[in-house]
Amino acid sequence: MRLDQFVATASPLSRREAKQAITRGRVRVDGHPCHSANTHIDSNACVTLDNAALTLAGERYLMLNKPAGVVSATTDSDHPTVLDLLPAATARGLHIAGRLDADTTGLVLLTTDGQWSHRITSPRVECPKTYRVSLSEAAAEEALRQLESGVTLRNDPKPTKPASIRRLGDREIELTISEGRYHQVKRMLAAVGNHVLALHRQRIGAIELDPALAPGAFRELTDAEINSVT
Ligand code: URA
């Protein structure tokens, strides 16, 4: 396969953009910059674009640190969306694997791989999600035990599944849940007489929000992170 075809297949770049990236020295083959779009690429060659490895599988996987005020949707006429935080070529074809409320911050996963995102969002799989929760009232031990064993949400008779909790401070907890009901964390805390002031998603399964990512920043997932979702 020609190098420009390889880059265009394995990255969000169009064929024309791939050619430009190659002539500008952004593409390396087996560690060496390659400026010629018609170079033949062996199947076992290591091709990088801006030092990120490209694979021909074609599926893409990203993590993003969502800032407050950005909606977890692919389009919205009133507010910026998480896809608006990405360059248009990168955003192409991506969908969100597990939404957050507009005022919730932290880890959002984006992918082109529908089967992979299904394993994160399907209620049957029970993929755990961990949130750092800031509260308006001190968290009473009794309330935390109730949250751990399951509470009944307003307008929803089915009790929540067992959760795990780590106390981080008087008014701050880390809460891990394996369901994704509408506004679940806020409604769980309301069910024990408290109120969520700020909510931040820290982890999905084994994928931890990269502390190097400033709000609004994103990066590709590593192979280990992608393969941790089983
Ligand atoms: N629970 C909520 O209440 N909001 C979120 O954004 C995520 C979980």
For the stretch 85-129, name all the residues that are farther than 24 Å from SER11 by Cβ, assigned to a loop (DSSP other than H, G, I, E, B) and of a type outside the set (Gly, Ala, Ser).
ARG99, LEU100, ASP101, ASP103, THR104, PRO123, ARG124, VAL125, GLU126, CYS127, PRO128
All but one of (1) in a helix (DSSP H, G or I); (2) modelled with pLDDT of 95 or more; (3) away from the ligand (no atom under 12 Å from the Cβ) hold for ALA224, so report the exception by its number.
(2)
Against the conditions (1) of a type in the set (Phe, Trp, Tyr); (2) within 12 Å of the ligand (Cβ to nearest atom); (3) in contact (Cβ under 8 Å) with a residue 40 or more places away in the chain, where does PHE218 fall short? Just the number, please.
(2)
I'd like the residue in the stretch 44-61 that is modelled with pLDDT under 85 and within 15 Å of MET1 (Cβ to Cβ) and, out of all such residues, is surrounded by the most Cβ atoms within 10 Å (Cβ to Cβ).
LEU54
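For the stretch 1-39, enumerate the residues that are among the hydroxyl-bearing types (Ser, Thr, Tyr) and either under 30 Å from the mean Cα position of the chain (by Cα) or in a strand (DSSP E or B) (or both).
Passing the criteria: THR9, SER11, SER14.
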Mind listing whichever residues of the stretch 143-167 are at pLDDT 95 or above, farther than 16 Å from ASN194 by Cα and assigned to a strand (DSSP E or B)?
SER164, ARG166
Here the qualifying pairs (Cβ atoms under 6 Å; residues six or more apart or on different chains; first in the stretch 93-109 and basic (Lys, Arg); second within 12 Å of the ligand (Cβ to nearest atom)) come out as ARG99/SER72
Do you know which of the residues in the stretch 168-183 that are over 19 Å from ARG119 (Cα atoms) and either touching a Phe, Trp or Tyr at 6+ places or on another chain (Cβ under 8 Å) or assigned to a helix (DSSP H, G or I) (or both) is farthest from the ligand (Cβ to nearest atom)?
GLU174
Among the residues of the stretch 72-120, what is the count of those that are polar (S, T, N, Q) and within 24 Å of ALA52 (Cβ to Cβ)?
7
Within the stretch 40-81, the count of residues that are more than 23 Å from GLY216 (Cα to Cα) and in a loop (DSSP other than H, G, I, E, B) comes to 11
Among residues belonging to the stretch 175-215 that are surrounded by 15 or more Cβ atoms within 10 Å (Cβ to Cβ), within 30 Å of THR55 (Cβ to Cβ) and small (Gly, Ala, Ser), point out the one that is modelled with the lowest pLDDT.
GLY180
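The values are calculated or read from the model by the stated rules, or taken from the named source; none is laboratory data. Note that the coordinates shown come from a computational prediction; the quantities given were computed from them, not determined experimentally. Every residue, glycine among them, receives a Cβ derived from its backbone with ideal geometry; neighbour counts consider all protein chains shown.
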